[in-house]
Amino acid sequence: MSIFNDTKIAFAEKSTAQLEKAKWMFTAIKYPSLTNVGINVLNFTIKNNFPLVTDLVKTTLFEQFCGGETREQSMKVVDKMFKHHVGSIFDYAIEGKEEEAAFDTTCEEIKENIKFAIGNPAIPFVVFKPTGFGRLDLYADVSAGKELTSSEKEEWQRVRNRYEEVCKMAYDNKVILMIDAEESWMQDAVDHLVNEMMEKYNKEKAYIWNTIQMYRTGRLEYMAQDLERAKSKNYFLGYKFVRGAYMEKERERAAEKNYPDPIQPTKEATDDNYNAAVDFVLENLDRVAAFFGTHNEKSTELAMDKMQAKGLPHDHENIHFGQLYGMSDNITYYLGEKKYNVTKYLPYGPVKDVVPYLTRRAQENTSVAGQTGRELSLIQKELERRRKEK
């Protein structure tokens, strides 16, 4: 039996009404065909400003997976979770914008998040997505080594400037800043930029962190090279580890463009790769700090067991765990109860602008093996427990 099955701990902050609503929602997104039809209708109605639909989204998907429309609204959720030793990572969840003005707005938003996090243990990290700071196609061209036009060179310099601004601000204020990973064909440019920032700002400790997708092939080798470089140039590494979220898109593009599939051949191979990353970190804790972002109970328990075998304290400053807000509360709140360093990714933003993020969450929940079923069974178990207690 899993150690993560205590639903009283998992749903301590959820009212029975909230659990009933979550049960309804996870039941609805359990069916991929229904989910895809629903997403198409949702995108159409949101685009055409149907106010009733916006209200419905706000009280269902948005309430389940987001902290609020602003940082200030989200602070209610932050404070509630921190009472249970669970931190928050503000995630400005606006996706798919491609204008320079939008990139500048996102950069300013990340700076505000850094200000919010200064000296606040409830907000131990700040994060941004690379495509929040520049166009995906531009990253892809830089990654592929294409010759940029003069205007593209200027555009890329603006991307670099945004990274420099937020990384310097994070370093100056002793705030840890994580950069997310996205599609593999743009990632080399991101890795190169983040490595530059780590070399510059991680001389005392890891303030700038990269993200490693363990469903990709070659990532362990990549980290080994990173480590050699960090040792030779004397700086620290910070990594957020995830399995990854773009598998179908990655496989389709590789087949279409006839290059080797960058994704591990099986789920088991991905799990093995992720678990090998746990070993990599624990063997190099003097140089590497890690955030294990996972909804996988076995990987979480494995990391906990290996920490115990090495005699490491639960709250070791270089080992963190995290899950997405609205999912896997059974893991998060158990870790919080046992005083591990654990945080929730807490997305926020205007309802209309956050819809692409929400639809991705809904689709992932239909495609992740057993995820929706697990959420549903835990919610039902807790509702049953509460009924018996009455």
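The values are calculated or read from the model by the stated rules, or taken from the named source; none is laboratory data. What you are looking at is a predicted structure, and each value in this text was computed from that prediction instead of being measured. Cβ coordinates were reconstructed from backbone atoms using ideal geometry, including for glycine residues, and neighbour counts include every protein chain displayed. Surface areas here come from the heavy atoms of the whole protein model, side chains and all, with no ligands, DNA or RNA. Shrake-Rupley method; radii C 1.70, N 1.55, O 1.52, S 1.80 Å.
Tabulated values for the structure
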{"read-out": "Candidates Val127, Val77, Val159, filtered to the one that is surrounded by 14 or more Cβ atoms within 10 Å (Cβ to Cβ) and over 24 Å from Met327 (Cβ atoms)", "value": "Val159"}
{"read-out": "Whichever residue in segment 248-267 is within 21 Å of the chain's Cα centre (by Cα) and open to solvent by 100 Å² or more (accessible area, probe 1.4 Å) and, among such residues, is nearest to Gln187 (Cα to Cα)", "value": "Glu248"}
{"read-out": "Pairs where the first residue, in segment 155-174, is in contact (Cβ under 8 Å) with a residue 24 or more places away in the chain and the second is in a helix (DSSP H, G or I) and among the hydroxyl-bearing types (Ser, Thr, Tyr), C-beta under 9 Å, 6+ apart", "value": "Val159/Tyr139; Arg162/Thr106; Cys167/Tyr201; Lys168/Tyr201; Ala170/Tyr201; Tyr171/Tyr201"}
{"read-out": "Failed item in (1) modelled with pLDDT of 95 or more; (2) under 20 Å from the mean Cα position of the chain (by Cα), with Phe4 passing the rest", "value": "(2)"}
{"read-out": "Hits in segment 323-340 (condition: touching a helix residue (DSSP H, G or I) at 6+ places or on another chain (Cβ under 8 Å) and farther than 21 Å from Glu382 by Cβ)", "value": "Tyr340"}
{"read-out": "Single residue of segment 80-96 satisfying the filter (farther than 16 Å from Gly68 by Cβ and not small (Gly, Ala, Ser)) that is most open to solvent (accessible area, probe 1.4 Å)", "value": "Lys83"}
{"read-out": "Members of segment 130-145 that are aliphatic (A, V, I, L, M) and surrounded by 19 or more Cβ atoms within 10 Å (Cβ to Cβ)", "value": "Leu138, Val142"}
{"read-out": "Members of segment 268-286 that are open to solvent by 10 Å² or more (accessible area, probe 1.4 Å) and either closer than 10 Å to Ala303 by Cβ or of a type in the set (A, V, I, L, M) (or both)", "value": "Ala269, Asn275, Ala276, Asp279, Leu282, Leu285"}
{"read-out": "Search result, residues across segment 329-341 that are open to solvent by less than 20 Å² (accessible area, probe 1.4 Å) and more than 8 Å from Ala10 (Cα to Cα)", "value": "Leu335, Gly336, Tyr340"}
{"read-out": "Failed item, numbered, when Lys352 is tested on (1) over 25 Å from Arg71 (Cα atoms); (2) over 19 Å from the mean Cα position of the chain (by Cα)", "value": "(1)"}
{"read-out": "Residues of segment 102-133 classified as part of a loop (DSSP other than H, G, I, E, B) and on the phi < 0 side of the Ramachandran plot, total", "value": "8"}
{"read-out": "Qualifying positions in segment 262-288 - without any contact (Cβ under 8 Å) to a residue 40 or more places away in the chain and not hydroxyl-bearing (Ser, Thr, Tyr)", "value": "Pro265, Glu268, Ala269, Asp271, Asp272, Asn275, Val278, Asp279, Leu282, Glu283, Leu285, Asp286"}
{"read-out": "In segment 209-242, residue farthest from the chain's Cα centre (by Cα) [restricted to those that are hydrophobic (A, V, I, L, M, F, W, C) and either closer than 18 Å to Glu317 by Cα or open to solvent by 20 Å² or more (accessible area, probe 1.4 Å) (or both)]", "value": "Ala224"}
